[in-house]
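Input: a single structure, listed below in C-alpha cells.
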Amino acid sequence: MLVLVAPGQGAQTPGFLTPWLDLPGAADRIAAWSDAIELDLAHYGTKADADAIRDTAVAQPLLVAAGLLSASALGDVTPGAVAGHSVGEITAAAFAGVLDDTAALKLVRRRGLAMAEAAAVTKTGMAALLGGDPESVLPHLEKLGLTAANVNGAGQIVAAGTAEQIEALVADKPEGTRRVVPLQVAGAFHTHHMAPAVAELGKAAQELTVSDPKLSYVSNKDGQAVATGAEVISRLVGQVANPVRWDLCMETFQKLGATALLEVCPGGTLTGLAKRALPGVKTLALKTPDDLDAARELIAEHAAA
C-alpha cells in the first residue's frame, strides 16, 4: 500500500522550484495560481533568497503549489492513503479531492497571512529536540512553559513558545536529548499564540466548496482517517493552534499496511522520519524532476499489487 505525503514549512530552499518549471505546462499552471492568490510563486520559488521564502505568508503557498505541481507530474496515481505535515495537510486535502487546486492555494494564502500576523504579536519561535524519551521530554517542556507543537516520532519533538522560553530550553535541555536545534521559522506555530489565525481561517473556510475525500485522508490531529470533507476542513482550521501528531499518522500508515511512502516536492523531511520509524517501508522523496522515473516505478509496483 502506497502512502502519498506532503511536507510542511521549513522544507523549502532557495531555487527549489526552478527545475520543475521546465516541465510541460508547469510554468503556465504556476502563473495561473500566482494570479489567483496575488503572489508571484515563480519568483519566490526560483529567485528569492532564504530570508524571503522564510516569510510564513510566502512559504506556505509556495510549498502547497510545489506539492501539487510535482504530484501532477507523476501521472495517474491512486495511493492507499494521503497525509501532510502541518501546512502539507492542505496539499493532501487537494490530493484527496476535498478541495480543488485553486481553492487549496487560496486557503493556504489566507492561512499564511493570518499566521504571519499572529506571529508578529509576540516574539516566538520553535526548536527541534533530537533524541530523548517523550516521558522525560514532555514534562520538561511543560516546566519551561513550552508546547510540544510537533510530535514527529522517530525521536523528534518540536517545542514552541516565546523567544525567552526557547533560549531557556537551549540552556537546559531534557535528560537524554542529544541536541536542541532552534528552527528558522517566524513564530510558535500550533500553539495558543496562533489563536487569532484560527478565527481568520474559520472565516475563509466558510467560503469553500468542499467534497468528501476520495482517498483515505489521515489527520495530524490524532492520526485517524477522516471520512467527510466538512471534518477535514474543520480540522485544518483548528490545526493551526494545535499540535501536529505525525507520530500517530505514521502509526496509522503502519496499521493500514503501508509498504511504500512517497513524499512530494520539496521532499526529504518526512521520508527521513519514515526511514527511522517505519522499517521495511520503501521511501522516496521528490526533490527534482530527476526523481520522477523512480517514483513512477514505485507507483507501478503498487498499482500492480
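The values are calculated or read from the model by the stated rules, or taken from the named source; none is laboratory data. A quick note: this is a predicted structure, and the numbers were derived from the prediction, not measured. Quick reminder, even Gly has a Cβ in these numbers, built from the backbone with ideal geometry, and neighbours come from all protein chains shown. Keep in mind that these areas ignore ligands, DNA and RNA; they rest on the heavy atoms of the full protein, side chains included. Shrake-Rupley method; radii C 1.70, N 1.55, O 1.52, S 1.80 Å.
Just need the relative contact order of the stretch 163-291 here, percent rounded to a whole number, with Cα pairs under 8 Å and 6+ apart.
18 percent
What is the diffusion coefficient of the stretch 66-144 in µm²/s, taking the Kirkwood radius over Cα pairs and the Stokes-Einstein relation at 20 °C with a viscosity of 1.002 mPa s?
Once the numbers are plugged in, D ends up at 137 µm²/s.
What figure, in Å² to the nearest 10, do you get for the accessible area of residue 288 with a 1.4 Å probe and non-protein molecules left out?
50 Å²
Which of rounded, prolate or oblate describes the stretch 135-255 when judged by the alpha-carbon gyration tensor and an a/c cut-off of 1.5?
Judged from the Cα gyration tensor, the stretch 135-255 comes out oblate (a/c at least 1.5, b/c at or above a/b).
Computing the accessible area with a 1.4 Å probe over protein heavy atoms, can you report the carbon and sulfur percentage for the chain?
The C+S portion of the solvent-accessible surface of the chain is 50 percent.
In Å³ and rounded to a whole number, note down the convex hull volume per residue for the Cα atoms of the stretch 10-156.
135 Å³
Given a 1.4 angstrom probe, what's the average accessible area per residue across the stretch 123-234, in square angstrom?
Heavy-atom SASA per residue in the stretch 123-234 reads 48 Å².
Size of the dipole of the stretch 39-189 about the Cα centre, Lys and Arg at +1 and Asp and Glu at -1 on the beta carbon, nothing else charged, in debye to 20?
I would put it at about 160 debye.
Compute the separation of the alpha-carbon centres of the stretch 149-166 and the stretch 28-55 and state it in Å as a whole number.
Distance between centres, Cα-based: 28 Å.
Under the √(5λ) rule applied to the eigenvalues of the Cα gyration tensor, what semi-axes describe the equivalent ellipsoid of the stretch 75-208? Give them in Å, descending.
31, 20, 10
Hey, how many Å between the Cα centroid of the stretch 215-278 and the Cα centroid of the stretch 99-131?
Measuring centre to centre over Cα atoms gives 17 Å.
Given axes a ≥ b ≥ c from the Cα gyration tensor, I'd like to know whether the stretch 182-225 is rounded (a/c under 1.5), prolate (a/b larger than b/c) or oblate.
Cα axes put the stretch 182-225 in the oblate bin.
For the stretch 1-72, what does the accessible surface come to per residue with a 1.4 Å probe? Please give it in Å².
37 Å²
How long are the three semi-axes of the equivalent ellipsoid of the stretch 31-91, in whole Å, if each is the root of 5 times an eigenvalue of the C-alpha gyration tensor, listed from largest down?
Ellipsoid half-lengths, sorted descending, are 23, 14, 10 Å.
Tell me the relative contact order for the stretch 257-305 as a rounded percent, counting alpha carbon contacts under 8 Å between residues six or more apart.
37 percent
In terms of the ratio Rg/(2.2 N^0.38 Å) built on C-alpha atoms, what value belongs to the stretch 110-181?
Here the Cα radius of gyration is 1.13 times the empirical estimate.
Given an 8 Å cut-off on Cα distances and at least 6 residues of separation, report the relative contact order of the chain as a percent.
Value for the chain: 24 percent.
What would the Debye equation give as log₁₀ I(q)/I(0) for the stretch 237-290 at q = 0.28, 0.31 Å⁻¹, counting only Cα atoms as equal point scatterers?
-1.08, -1.17
Given only helices, namely DSSP H runs of n ≥ 4 each adding -39500 (n - 2.57), what is the per-residue ellipticity at 222 nm of the chain, to the nearest 500 deg cm²/dmol?
-14000 deg cm²/dmol
Output the Cα-based Rg and Dmax of the chain in Å, rounding Rg to one decimal and Dmax to a whole number.
When restricted to the Cα atoms of the chain, Rg and Dmax are 18.2, 54 Å.
Quick check on the stretch 150-215: what does the Kirkwood estimate of hydrodynamic radius come out to from the alpha carbon pairs, in Å?
Hydrodynamic radius (Kirkwood, Cα pairs) of the stretch 150-215 is 14.9 Å.
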